[in-house]
Amino acid sequence: MANFGIYIHWPYCLSKCPYCDFFSKVKPGLDQEQTVSGYLEDLDYYASLTAGRTVTSIFFGGGTPSLLRPALISRILDRIAARWPLAADAEISLEANPGSNTPTLFSDLKNAGINRLSLGVQALNPADLEFLGRRHTLQQALEALEQITRTFDNHSADLIYARPGQQLSDWEKEVRCITSFGLHHLSLYQLTIEPGTVFYKQGVRPLEENAAAEMYEITGELLQQAGYPRYEVSNYTQPGWSCRHNLLYWQGEDYLGIGPAAHGRLKLDGNLYATTHPRQMELLTSRERAEELLLMGLRLSAGLDKAAFQSACGLNLDSFIQTAARDRLAAKGWLVDTPQNLRATPAGVTVLNYLIEQLCP
């Protein structure tokens, strides 16, 4: 059975974090029911194009989708189940912030149909929580981490590192703290200052590049020791608990995007499409899709499966990439190339953008 996912984008937040460069809105008084009605209409539209596919994962991202009332989440899930077959073991994820949980929110989300919760913690000390513009306290974060492990069988948390002036010893304490909760999955992102963000306008600078690279390396070592090997540039998991929905993106499989800034990728009647809101479908060339697949697939520790690459875009990977560059990069110890697979080595991951630039024709 081919994997097929649906991403539900809920862009609304209580406030805008100063590092965030995602499309998000602060909109008090939003009519959630009316907004969700639009989502349901979009689901109906795409169901007519993808009839018969089995949905293997659903992901509510944002924004802050935990602000969406559980009854409306249930309505969205019911509509999906009415329009597509739903895999018996479908992964149904939702992102939540510690500050948005009411006393019964997590159990209400589980009752609505969510079976995987991803908690946006971002920092585990009061000073950096304040610096990052988070609305929750350290105590709220710790309590929420305990609650999600009690409530859900599948759980994840996010942290941000390489904060200005951050000491490696302090970060090691946070890594050890987050692993102590027994979460199945961790997403640890390096702070970047993107144009248009509050931090960019304020002239905030992240940790110096060499110190950030050392922090990344130490992070991988600590998590490997704690039973969380890295399976993607910023994602670490206990064996068997990789985020199946995100793997759709990285492995080039089909998914729908529902909501204001959601995008999707669909293969219909042999044609490749990029979808955007509202119901826009742009035809992709095989080369455009191949470039995306190279960019995404090399992020995975397992690398690019050559047969899956050809199935997704119709091109042979060995014929598509710059083979002279591949051989040179492999000789440097940055790539491993086999008849079945192309992957970056741990050393290659640290220069991944360079690898992709060199490999693309």
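The values are calculated or read from the model by the stated rules, or taken from the named source; none is laboratory data. What you see is a predicted model; the values in this text were computed from it and never measured. Positions of Cβ are generated from backbone atoms using ideal geometry, with glycine treated the same way; all protein chains shown enter the neighbour counts. What goes into the accessible areas is simple: the full protein's heavy atoms, side chains included, and nothing from ligands, DNA or RNA. Shrake-Rupley method; radii C 1.70, N 1.55, O 1.52, S 1.80 Å.
Details
- Probe 1.4 Å, all protein chains present, accessible-area order of K332, K201, largest first: K201, K332
- Charged side chains reduced to their Cβ positions (Lys and Arg at +1, Asp and Glu at -1) give the stretch 181-276 a dipole of some 300 debye around its Cα centre.
- Packing-based order for 7-15, 251-259, using average beta carbon neighbours within 10 Å, highest first: 251-259, 7-15
- Applying Stokes-Einstein at 20 °C and 1.002 mPa s to the Kirkwood radius of the stretch 157-226, computed over alpha-carbon pairs, gives a translational diffusion coefficient of 166 µm² s⁻¹.
- Placed amide H near L335: partners under 5 Å, 5+ positions off or other chain: A330, T345
- Packing rank of 27-33, 285-291, where each peptide gets the mean count of other beta carbons within 10 Å, highest leading: 285-291, 27-33
- Under-5 Å amide H pairs with V121, H placed in peptide plane, nonlocal only: D158
- Farthest towards the positive end of the charge dipole of the chain, among the residues A262, L317, L72, is the Cα of L72, using unit charges on the Cβ of Lys, Arg, Asp and Glu.
- Proximal lysines relative to K306, as straight alpha-carbon distance under 22 Å, when same-chain residues fewer than 8 apart are discounted: K267, K332
- Only helical runs count toward this figure. For the chain, summing -39,500 (n - 2.57) over DSSP H runs of n ≥ 4 and dividing by all residues gives -12000 deg cm²/dmol at 222 nm.
- Under 23 Å from K25, Cα to Cα: lysines that are on another chain or at least 8 residues apart: K16, K201
- Between the stretch 297-325 and the stretch 15-89, the alpha-carbon center distance in angstrom: 32 Å
- Unpaired cysteine residues in the chain (no second Cys Cβ under 4.7 Å): C13, C177, C243, C313, C360.
- Distribution of pairwise C-alpha distances over the stretch 65-139, 10 Å bins, in %: 17, 42, 26, 12, 3
- Summing Cβ point charges (Lys, Arg +1; Asp, Glu -1) relative to the Cα centre of the chain gives a dipole of roughly 320 debye.
- For the chain, the relative contact order comes to 14 percent (Cα pairs under 8 Å, sequence separation of at least 6).
- Note on the chain: with neighbouring protein chains present and a 1.4 Å probe, carbon and sulfur make up 49 percent of its accessible heavy-atom surface.
- Three-way shape call for the stretch 290-361 based on the alpha-carbon gyration tensor, with the a/c threshold at 1.5: prolate
- Computed over neighbours whose Cβ is under 14 Å from that of A226, the net charge equals 0, Lys and Arg +1, Asp and Glu -1.
- Taken one residue at a time, the phi angles of the stretch 152-168 give Karplus couplings (6.51, -1.76, 1.60, θ = phi - 60°) of 10, 7, 10, 8, 8, 9, 10, 9, 10, 10, 6, 6, x, x, 5, 8, 4 Hz. Gly and Pro are set to x.
- Per residue, the chain exposes 45 Å² of solvent-accessible protein surface, assessed with a 1.4 angstrom probe and all protein chains in place.
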